[in-house]
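K.L.:
First, the structure itself, so that you have it in front of you.
The values are calculated or read from the model by the stated rules, or taken from the named source; none is laboratory data. Predicted model, so just to flag it, every value in this text is computed and none were measured. Glycine also receives a Cβ, built like all others from the backbone with ideal geometry; neighbour counts cover every protein chain displayed. The accessibility values were calculated without ligands, DNA or RNA, using every heavy atom of the protein model including side chains. Shrake-Rupley method; radii C 1.70, N 1.55, O 1.52, S 1.80 Å.
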2 protein chains.
Amino acid sequence: MVVSLTFTTLTTSATLTTFTTKMKKLEDLQQIISNAVTKLSFPTHPAELYEPIKYILSIGGKRMRPALLLMACDLFGGKVEDALSPALAIEVFHNFTLMHDDIMDNAPLRRGRTTVHERWNQNVAILSGDVMLIEGYKLMMQVENRLLRQILDIFNNTAVGVCEGQQIDMEFEQRNDVVIDEYINMIRLKTAVVLGGALKIGALIGGAELKDAELLSDFGEHLGIAFQLQDDILDVYGDPEKFGKLVGGDIISNKKTYLLIKALELAKDEKALELTDLLINKKFENTEKVKAVTDIYNSLDVRQYAETAMQCYADKAFKALDEINLPDDHKQYLRDFADGLMVREN
Amino acid sequence: MVVSLTFTTLTTSATLTTFTTKMKKLEDLQQIISNAVTKLSFPTHPAELYEPIKYILSIGGKRMRPALLLMACDLFGGKVEDALSPALAIEVFHNFTLMHDDIMDNAPLRRGRTTVHERWNQNVAILSGDVMLIEGYKLMMQVENRLLRQILDIFNNTAVGVCEGQQIDMEFEQRNDVVIDEYINMIRLKTAVVLGGALKIGALIGGAELKDAELLSDFGEHLGIAFQLQDDILDVYGDPEKFGKLVGGDIISNKKTYLLIKALELAKDEKALELTDLLINKKFENTEKVKAVTDIYNSLDVRQYAETAMQCYADKAFKALDEINLPDDHKQYLRDFADGLMVREN
């Protein structure tokens, strides 16, 4: 499962307008992307190759990754139009990973709509996904010649990272000895590198020095890890009314989250046996299982560990941010954005 | 099924050495590729992502596509070393298409070895294939800056073409109204554009003018179509001892080849009913079916039609060749190569 990137829009945008009059609001950038996505054109033939691409792109999502790319360009004084095609490349690439991940996860739904391999068939989802990756490259190439190689290098590394993350995540399902460092590396690859990559590409298009683009990339990558850890916490401790999905879903599916890995590391003797039994034994009803596992988490303080880890990565993100050569109000914009991400309740 | 590119090595190489002393023999170029493929290095972790890539690349093949890329570079006076990474890109890309095609075709074997999705599993084959496509881009980018955009544009078009060809081929399996023009377009996309693309990239690296690179690309594309038509003919009329695979395999699997499409177009009344019955009715034993369908082909002269079409594309290839601005002995080298391809018996 790829985490959905949402954040508390109201808080953030209200703050942003106080500090920056020139900078574009994130919602506006998301809107620019949404409009541009609807205008993306693909051949009509063969229909089964291109219809699924239009379909998956049409079923939405927050367009956060490409909006961040535009935001990075804007932050460094670039024209948002110059970054639009690469931003769309990131969105097309992201949706390619969703199309293939959904096959691998055997997922029937994506954002409440039928997945491509279910609506058409698996072969269609494999091949349309392949073409999306190529279309991603075509869009990413729409940059000035002087930036072409540098930006494609970043894109290549990002793309390989995401695939590695997905592979490691699949391997975790078969393993019972995953340790925290491995988990952090997996979420870094699967979720965070694409945020870092998008920010770096946008920054370079906006005219940033390489050093600053790399610091912004670090900011995004650390923030992405913090965000995923927050997601792990919210799955168990989120307000059911605000979380938007089933609380305890990760527990029910035995998903190796930070909380579970930490609990498996800390639990001793009887508690360890009880936890293992909850994971293996199929006799437990869902509500009962969620409650029992949560009780173990509480007794071991794993929420505290997770929040400390989350704060540690948020701090790393802010530290990278401090070092970027940007005016204070621009940095404040990014700080507000990060705060908006981290105070979310869904 | 992607056609295996083989040709009568002995005839060709003997002729080649007569005409060109400076030019590298095709077998030598194939050997350069084979050596370089074994030296390609990939990360060791995650193993299930990279092991299948090493595996599929290790099980061989003629390395014809990348060798043609090197040959094109050599023809125009370029250094073969400068074209080596892009040539490997073509080979990695080709093997990516095989890995994904094998899933789609549910094929248990590839070149006599277990396919990746059978040896590991389907998810591994999807994701390793994805990474191969990205690795293909990384290798293709190892060209001079002045050629980077042009070469990646060709690569993008080639890659999209191959995917379109595969999709159209899959759709053909469900259709009974395929006409010859559609079939030619399908084999052009699925088999021929990658030959044209490889030659064009090699020519540009070798210093060819764009016009000459395009003519060489046309040569390769037309020759690729002729080659596939030859393959269709050999499936039915090849010498069983030399063909190397089961004669009539396409007939047994109802594959829509040039011969079958033409026969369906020409057959009238009772013969049409008989042919349809042979395709639909499962009561026929393989040998009986091959003989009966071949008899219908013979009565309708479809072999003649196929050979005429093949000759037509071979002529187009030679016409493009004539217009290329290259010394006569270099053109002769290409003519001999083409003749070697077309006189094959396997």
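K.L.:
Looking at segment A:28-65, which of its residues are among the acidic types (Asp, Glu) and more than 14 Å from chain B (Cβ to nearest Cβ)?
P.N.:
Residues of segment A:28-65 that are among the acidic types (Asp, Glu), as a first pass: A:28, A:48, A:51.
Of everything in segment A:28-65, just one residue is among the acidic types (Asp, Glu) and more than 14 Å from chain B (Cβ to nearest Cβ), namely A:Asp28.
K.L.:
With B:Gln332, B:Gln304 as the choices, which residue is in a helix (DSSP H, G or I) and free of Cβ contacts under 8 Å to residues at least 12 places away in the same chain?
P.N.:
Values: B:Gln332 fails: free of Cβ contacts under 8 Å to residues at least 12 places away in the same chain.
Going through B:Gln332, B:Gln304 in turn, the sole match is B:Gln304.
K.L.:
Then there is this: Does any residue of segment B:318-325 turn out to be assigned to a helix (DSSP H, G or I) and over 16 Å from B:Ile225 (Cα atoms)?
P.N.:
To start, the set of residues in segment B:318-325 that are assigned to a helix (DSSP H, G or I) comprises B:318-323.
Narrowing further to those that are over 16 Å from B:Ile225 (Cα atoms): B:322-323.
Taking every residue of segment B:318-325 in turn, at least one turns out to be assigned to a helix (DSSP H, G or I) and over 16 Å from B:Ile225 (Cα atoms).
K.L.:
Being more than 24 Å from B:Ser253 (Cβ to Cβ), within 13 Å of another protein chain (Cβ to nearest Cβ) and at pLDDT 95 or above is true for just one of B:Leu195, B:Leu199, B:Leu147, B:Leu189. Which residue is that? Reasoning before the result, please.
P.N.:
Values: B:Leu195 fails: within 13 Å of another protein chain (Cβ to nearest Cβ); B:Leu199 fails: within 13 Å of another protein chain (Cβ to nearest Cβ); B:Leu189 fails: more than 24 Å from B:Ser253 (Cβ to Cβ).
Residue meeting the stated conditions: B:Leu147.
K.L.:
Can you tell me which residue among B:Ile280, B:Ile296, B:Ile251, B:Ile261 is over 25 Å from the mean Cα position of the chain (by Cα), farther than 23 Å from B:Asn95 by Cα and crowded, with 19+ Cβ neighbours inside 10 Å?
P.N.:
Working: B:Ile280 fails: crowded, with 19+ Cβ neighbours inside 10 Å; B:Ile251 fails: over 25 Å from the mean Cα position of the chain (by Cα); B:Ile261 fails: over 25 Å from the mean Cα position of the chain (by Cα).
Testing whether each residue is over 25 Å from the mean Cα position of the chain (by Cα), farther than 23 Å from B:Asn95 by Cα and crowded, with 19+ Cβ neighbours inside 10 Å leaves just B:Ile296.
K.L.:
May I pose another question? Here is a check on your reading of the model: is B:Val178 part of a helix (DSSP H, G or I) and open to solvent by less than 60 Å² (accessible area, probe 1.4 Å)?
P.N.:
no
This table checks each residue for (1) more than 23 Å from A:Asp181 (Cα to Cα); (2) in contact with a Lys or Arg (Cβ under 6 Å, 6 or more places away or on another chain); (3) touching a residue at least 40 places away in the same chain (Cβ under 8 Å).
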residue	(1), (2), (3)
A:Lys242	yes, no, yes
A:Val247	yes, no, yes
A:Asp250	no, no, no
A:Asn254	no, no, no
A:Ile261	no, no, yes
A:Glu270	yes, no, no
A:Leu275	no, no, no
A:Asn286	yes, no, no
A:Thr294	no, no, yes
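K.L.:
Still on this structure: Of everything in segment B:19-67, what is over 19 Å from B:Ile134 (Cβ atoms), in a helix (DSSP H, G or I), under 19 Å from the mean Cα position of the chain (by Cα) and among the aliphatic types (A, V, I, L, M)? Give them in sequence order.
P.N.:
B:Leu26, B:Leu29, B:Ile33, B:Met64, B:Ala67 - these are the residues of segment B:19-67 that are over 19 Å from B:Ile134 (Cβ atoms), in a helix (DSSP H, G or I), under 19 Å from the mean Cα position of the chain (by Cα) and among the aliphatic types (A, V, I, L, M).
K.L.:
To continue, here is another question. Restricting attention to segment A:150-175, report how many residues are surrounded by 19 or more Cβ atoms within 10 Å (Cβ to Cβ), at the interface with chain B (Cβ under 10 Å from one of its Cβ atoms) and more than 30 Å from A:Thr257 (Cβ to Cβ).
P.N.:
1
K.L.:
Name the single residue, out of those in segment A:90-141 being within 10 Å of chain B (Cβ to nearest Cβ) and not in a helix (DSSP H, G or I), that is surrounded by the fewest Cβ atoms within 10 Å (Cβ to Cβ).
P.N.:
Here the residue is A:Asn106.
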